[in-house]
Amino acid sequence: MLIQIRDITKTYDGKIVLDRVNLMIDTASDSRDVLLRGPSGIGKTTLLRIMAGLETADSGSIEITMGEAAGGGKKLRVGMVFQENRLLEQFSAVENVACVDPMISRVRAREALGKILEEEALDKPVRELSGGMQRRVAIVRAMLPASDILIMDEPLTGLDPETRDRVINYIMENKGRRPIIIASHETEGLPKMRELALV
C-alpha cells in the first residue's frame, strides 16, 4: 500500500499550524516507519489527527494509491494511541482492550497485556492504575486490532527507562508489516526511523 500525504495545510484562528506538509509511506519499504519531530505546538498532533480522519485539512490530500484501501476500497484502518489515554476508567485493562473489537477475546487481550503489564494490574479498573500502566493499556488497545497503519502520539509518556524499553520492544515485535508513525519527544531506545521534521 502506498499512502501519499500531499500539501497538507491547516490553520487555527488565522494561524498556520501545518504548511504544505508532504510525506509518502510505502508499506513494502524497509523505511516505512516515520518519527515526527518538532517542538510542542508545531502541529504534530494535528497532522496525526488528520491522517487518522479525525480532523479535516484546509487543503491538500491523503491518497491511498495501492492496496485494498485504494480507489473505492475499504477505508484505511488506523490503530491510534492518542496523547491522552482515553480509557474507560471503570473497566479493567483486559476489558478496555477486548471491547474495541469483537474479534479480540479476553484471553487474547490478557495474553497481549501480560507482555508489558504486571499480572496484578490486568483485572483492576484502570482508574486505579498508574499513568504509566494506563499508557501501556492504551498501546495494546491500539495495536491488537487489525489495522493498516499505527499512529502514536507521545506513546512513551510516563514510562520509566526499563518499562520504556519493554514497550518499544513490544511495539516493534508486534506491529508486523504495518507502518508506524510516532510523534515523540522521548526518542531514546527507539529504532532508527525515517524522520519528518515539522518547523
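A compact table of results
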| read-out | value |
| --- | --- |
| Strands (runs of 3 or more DSSP E) enclosed by the range 85-199 - at least 3 residues per element that are buried (at least 19 other Cβ atoms within 10 Å of the Cβ), in contact (Cβ under 8 Å) with a residue 40 or more places away in the chain and in contact with a strand residue (DSSP E or B) (Cβ under 7 Å, 6 or more places away or on another chain) | 149-153, 180-183 |
| In the range 60-87, the residues that are β-branched (Val, Ile, Thr) and modelled with pLDDT of 90 or more | Val78, Val81 |
| Residue in the range 99-110 that is more than 28 Å from Arg166 (Cβ to Cβ) and not small (Gly, Ala, Ser) present | yes |
| Qualifying positions in the range 1-25 - over 14 Å from Ala197 (Cβ atoms) and in contact (Cβ under 8 Å) with a residue 60 or more places away in the chain | Met1, Leu2, Ile3, Gln4, Ile25 |
| Test: residue in the range 22-37 that is farther than 20 Å from Ser184 by Cβ, β-branched (Val, Ile, Thr) and modelled with pLDDT of 90 or more | no |
| Scope the range 4-59; condition exposed (fewer than 13 other Cβ atoms within 10 Å of the Cβ), in a strand (DSSP E or B) and among the acidic types (Asp, Glu); matching residues | none |
| Boolean, Met172 is of a type in the set (A, V, I, L, M, F, W, C) and over 17 Å from Leu87 (Cα atoms) | yes |
| The range 109-147 - residue that is within 23 Å of Pro179 (Cβ to Cβ) and among the basic types (Lys, Arg) and, of those, farthest from the chain's Cα centre (by Cα) | Lys115 |
| Considering residues of the range 71-84 that are closer than 28 Å to Glu186 by Cα and charged (D, E, K, R) only, the residue surrounded by the most Cβ atoms within 10 Å (Cβ to Cβ) | Arg77 |
| Count of the range 80-118 residues which are hydroxyl-bearing (Ser, Thr, Tyr) and under 23 Å from Glu154 (Cα atoms) | 1 |
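The values are calculated or read from the model by the stated rules, or taken from the named source; none is laboratory data. Not measured: the values here are computed from a predicted model. Cβ sites come from the backbone with ideal geometry, for glycine too, and all protein chains shown count toward neighbours.
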